[in-house]
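Participant: Okay, handing you the structure first.
Read the figures in this text as sums done on the coordinates, not as results from a lab. What you see is a predicted model; the values in this text were computed from it and never measured. Note that we place each Cβ from the backbone using ideal geometry, even for glycine, and neighbour counts take in every protein chain shown.
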Amino acid sequence: MPTFYKLQLALKNTYVRLMLGVLAALGIGLATYFGGDVEQVAIPLVRSQNIAEITALAGQRARLEYLLVAKPLSEAPRYIFKFKDAAQLHVVKVPSTSHLSLEREILLRNGIPYAIAKDDFLASHKAVLQDDADAGPVAASAAFLKRHAFDITVVALLLFALKFGIPGMGMSTTVITPDQLKGSMDDLIGMDDIKQEVLHLEDMIRHRSVYRSHNIDKPFNVMLTGPAGTGKTKLAGYLAKKLNLPLIQASGSALESGYIGGGSKALNALYRKACARGNCIIFLDEAQTLFMPRGRGEKKWEDDTANTLLGLLDGVKSDQGSGVIWVVASNFDDASSQMDEAMLRRFSVKINFRLPNKAERAELLRSFLGRKQEGCVAWDRLDLNQVADITANLSPALLESVVDRASMIAIQDKAVIDTDLMFRAFERSTIGLTDRATTAEKALQRERIALHELGHFFMQIDPYLRQGLSLAEVKEKSHLLKISTESVSKLNALGYVLSAGDDLSLRTLEEMERDVIQLYGGVAAEELFYGARGISVGSQNDIQKATAMLDMMVNRLSMYSRSKIDYSQFKQDGNGEHTLRQVEAKADELYSYTLGAIGDYKAVIASLKTELLERYVLSKDAIFALLEERMEIDMPGGFTALALAEAA
């Protein structure tokens, strides 16, 4: 039994005991009231256990009519006194240990007259010797509640939290009517494949009778998957507005309230709210945890929430939920993570979002920039195709953040948005803050960083130069944006090479080897200028990335073997040693090539290093301009000689 469940039982038992105590107090009071002798002298009593009332009598002697002490030898003597100007009879119950001190220090020392209460007085005033429980049902109950008010309040709050959840910490839902929803399907720029799926879904919902003729009568539940920031949440709103249906929005992460069965209760409450509205859409965002396979844990209640959702998605509880459409969004799909098969079958429509391509990125950027007032964007100096090139693999949400960053920079610099400013915004959004002061006084480190980053650059363009391409053609193919010797606190780096992304994800063996060679370019440049013992720890990140790529090429893709198998699935030590030797051999081969190739650029690297140290940053245009000026000076025969040597 879980600890929290034990706590629930303990709290319930405590609550039962307190309620029994209240009933007992009422029972005693009723028994006394109806079965005992009625008090013969009806004088209003004021009961207390406050000893201070006795000590205060020293200053109230003139008002005192009489003072009696009842049962002075008992465990709880009573001090009974009455004032001349009041009708109440005061009864103060004191411990026997305090009575002796009060009698000596207060009554005798201050000369306060008192007497022992006689039996006839006690017989006519029976109430003075009764406790609160014997004083009648109302008084007994009031006294009990007064003594245990804090305990009862705490238990009541705990039981309320167990049943209904703590206010503000339960599942938060928002009901949005169609007139409150903003935007339309036209705001989903590009994504024609996704729009077609939505139009198909709309047709299914509007013409259910047609689908019933094909014996399709289940609810059209919808699953939206894909990377974050691609528009899944917006699409749910667009769909609700297009169908003119209210949208009930909730978060999957808020389902669990912290106690057993909380998720099921929250889902059922959400379902009841939807059924009360008739036709509507329930949008459950960030619900990937509900799609994990059930039965993974040993505790049977861990799958309660998912089981409840399965039943609700089928609409089997009643016919009243036939108009409810479930739209569930997740950043993961069944291709990237394991999901419960039964849950996946509940969704007749699955729409997978993707990242925008280059043309769609350009249109998204145009749309975001077009919302700004006239004069904020210099359209004649803005090349959206270039900006789309450098923003590969960015989601629409990240593209919008780049545009917002560009606006902030434009406001600070009192400038307008153009291509250069968009590049700066992209760099600021992806790289972060850069700082020259950190490296300004570190001449030797800056020199090493400059050589390291230039090594990366030259090994990036090396294949094109050896093919005999002109510098203009090489510049066109190069993804370089800039080389910098400024520090980046976000990356914990003292320099960096900023390159544009690439939409292609299906890389070949040749392309992956080029990536490894480019990564080795930095450490090879350091060895070229400082020797094998002069390599710094700044190459650690490059070596880690190169190792991961080589591991994938050798172990997972088996690119260097005729046997196309995934060696990583074999756990035998023999296979591990075999593939490790293959990785080492290929790493040695590629690094040896890198070291030999970068030696051809030693003179031009040394020349560009001086410019980079002076300017801190060299843009792509500046680097290729310098290469155009110095290729004949630093490399006799120019870069064409490399191609001739390679061909030979």
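Participant: Tally Lys and Arg at +1 and Asp and Glu at -1 over the other residues with C-beta under 11 Å from the C-beta of I598: what net charge comes out?
Facilitator: -3
Participant: Based on the mean of other beta carbon atoms within 10 Å per residue, what is the order of 475-486, 555-566, most packed first?
Facilitator: Highest-to-lowest ranking by the protection proxy: 475-486, 555-566.
Participant: Here's another thing I want to ask about it. In nm, give the distance between the simple-model label positions of H479 and L199, each being 7 Å from the Cα along the Cα-to-Cβ direction.
Facilitator: My value for the distance between the label points is 3.5 nm.
Participant: A follow-up question, please. Grab the other residues whose beta carbon is less than 11 angstrom from that of L528, score K and R as +1, D and E as -1, and report the net.
Facilitator: -2
Participant: Viscosity 1.306 mPa s, temperature 10 °C: what is the translational diffusion coefficient of the range 358-430 from Stokes-Einstein with a Kirkwood Rh over Cα pairs, rounded to a whole number of µm²/s?
Facilitator: 134
Participant: Counting only other residues whose beta carbon sits under 9 Å from that of D462, what net charge do I get with K and R as +1, D and E as -1?
Facilitator: +1
Participant: Quick one: 3J(HN,Hα) in Hz for the range 521-535, Karplus 6.51/-1.76/1.60 with θ = phi - 60°, rounded, Gly and Pro as x.
Facilitator: x, x, 5, 5, 5, 5, 5, 4, 9, 10, x, 4, 8, x, 6
Participant: Which GluC sites (Glu not before Pro) does the range 63-113 hold that lie in a coil by DSSP with at most 11 other beta carbons within 10 Å?
Facilitator: Those that pass, being in a loop and sparsely packed, are E75.
Participant: In this model, which of K477/K620; K71/K93; K232/K545; K482/K602; K475/K602; K475/K586 are farther than 22 Å apart at the alpha-carbon?
Facilitator: Numbers: K477/K620 12 Å; K71/K93 11 Å; K232/K545 32 Å; K482/K602 20 Å; K475/K602 20 Å; K475/K586 29 Å.
From K477/K620; K71/K93; K232/K545; K482/K602; K475/K602; K475/K586, over 22 Å: K232/K545; K475/K586.
Participant: Using 0.36 nm per residue, how much length does the chain from K118 to R61 gain when fully extended, once their Cα-Cα distance is taken away?
Facilitator: Length gained, K118 through R61: 18.3 nm.
Participant: Name the residues of the range 533-561 whose amide N is less than 14 Å from a point 7 angstrom out from the Cα of L580 along the C-beta direction?
Facilitator: Under cut-off, by backbone N: nothing.
Participant: Under a 5 Å amide H to amide H cut-off, with H placed in plane at 1.01 Å, what residues pair with I176 once short-range neighbours are removed?
Facilitator: For I176, the qualifying residues are L247, I248, Q249.
Participant: Multiplying the sequence separation of D186 and L100 by 0.36 nm and subtracting their Cα-Cα distance, what value in nm do you get?
Facilitator: 21.8 nm
Participant: Among M553, A450, S568, which residue has its Cα positioned farthest towards the positive end of the charge dipole of the range 441-647, with +1 placed on the Cβ of Lys and Arg, -1 on the Cβ of Asp and Glu, and the dipole taken about the Cα centre?
Facilitator: S568
Participant: Further, regarding this structure: Please work out the FRET efficiency for the pair N244 and K442, using the Cβ-Cβ distance as r and a Förster radius of 41 Å; give the result to the nearest 0.05.
Facilitator: 0.05
Participant: A further question on this structure: Under 5 Å between amide hydrogens, which residues at least 5 positions from L494 or on another chain qualify, with H placed 1.01 Å from N in the peptide plane?
Facilitator: Here the answer is V488, since their amide H atoms fall under 5 Å of that of L494.
Participant: Under a point spin-label approximation (7 Å from Cα along Cα-to-Cβ), what is the R354-Q373 distance to one decimal in nm?
Facilitator: Taking the two extended label points, one gets 4.0 nm.
Participant: Pulled fully out, how much extra length does the chain show between A342 and N541, if you take 0.36 nm times their separation in residues and subtract their Cα-Cα distance? Intermediate values should be presented prior to the final figure.
Facilitator: On the way: separation 199, 0.36 × 199 = 71.64 nm, distance 4.28 nm.
67.4 nm is the gain from fully extending A342 to N541.
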